[in-house]
1. For segment 87-100, name all the residues that are in a strand (DSSP E or B) and surrounded by 16 or more Cβ atoms within 10 Å (Cβ to Cβ).
2. Among the residues that make up segment 81-93, is at least one of them outside the structural domain of residue 108 (by TED's automatic domain parsing), over 30 Å from residue 109 (Cβ atoms), among the charged types (D, E, K, R) and at pLDDT 75 or above?
3. Just a yes or no: is a residue in segment 49-64 loosely packed, with under 10 Cβ neighbours inside 10 Å and modelled with pLDDT of 85 or more?
4. Looking only at segment 123-149, filter to residues that are at pLDDT 85 or above and assigned to a loop (DSSP other than H, G, I, E, B); which one of those is farthest from residue 88 (Cα to Cα)?
5. Answer yes or no: is there a residue in segment 27-34 that is hydrophobic (A, V, I, L, M, F, W, C), surrounded by 12 or more Cβ atoms within 10 Å (Cβ to Cβ), at pLDDT 85 or above and not in a helix (DSSP H, G or I).
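The values are calculated or read from the model by the stated rules, or taken from the named source; none is laboratory data. Bear in mind that the values here come from a model prediction, so they are computed numbers and not experimental data. We place every Cβ from the backbone using ideal geometry, glycine too, and count neighbours over all the protein chains shown.
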Amino acid sequence: MASEDRLKGPDQPKLCINGCGFFGTAANQNRCSKCYRDHVLRKLEKSSSSSSSTVVPSLSLPSLSPSPTTSSSPPPASSVGSKATVNRCVSCRKRVGLLGFTCRCGSTFCSIHRYPEKHQCGFDFKTTGRIAISETSPTIKADKLDERI
């Protein structure tokens with residue numbers, strides 16, 4: 001009889017030890033996947049809180065308290081101002097949003113003024129093209145064939 005119980009035991013799935021109603025596995029310490037994940041997260045929180053609590057007492061608290069109060073007020077005001085940037089076409093001042101086209105001259109344009117001919121672009125495309133071709137093309141020199149001539 002005892003040998004029959006041993007044979008049936010491993011074949012039958014075990015319920016989660018937390019009692020949630022799902023089946024657990026031996027790889028997850030007889031917990032279901034959700035309970036095992038929660039268990040691991042709690043262990044990590046305990047280990048991180050214990051390591052941070054050992055670091056905090058070694059620091060001097062009076063030197064830390066004045067600096068956060070003085071530096072906390074100015075940064076939010078500057079970050080709010082930088083987020084309020086609106087993209088507009090340089091030629092017609094039309095709001096372009098996400099569809100703005102950035103030219104090589106560095107300005108943003110709408111779909112009508114995106115071509116260099118339409119917005120009188122000051123960027124020199126010919127010179128830039130010549131430089132790019134000269135950098136990418138190898139210099140071709142003929143071998144000196146003095147003995148063959």
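1. 88 - this is the single residue of segment 87-100 that is in a strand (DSSP E or B) and surrounded by 16 or more Cβ atoms within 10 Å (Cβ to Cβ).
2. Checked against the condition, which is being outside the structural domain of residue 108 (by TED's automatic domain parsing), over 30 Å from residue 109 (Cβ atoms), among the charged types (D, E, K, R) and at pLDDT 75 or above, segment 81-93 yields no hits at all.
3. No - not one qualifying residue is present in segment 49-64.
4. 137
5. Looking for residues that are hydrophobic (A, V, I, L, M, F, W, C), surrounded by 12 or more Cβ atoms within 10 Å (Cβ to Cβ), at pLDDT 85 or above and not in a helix (DSSP H, G or I), one finds at least one in segment 27-34, hence yes.
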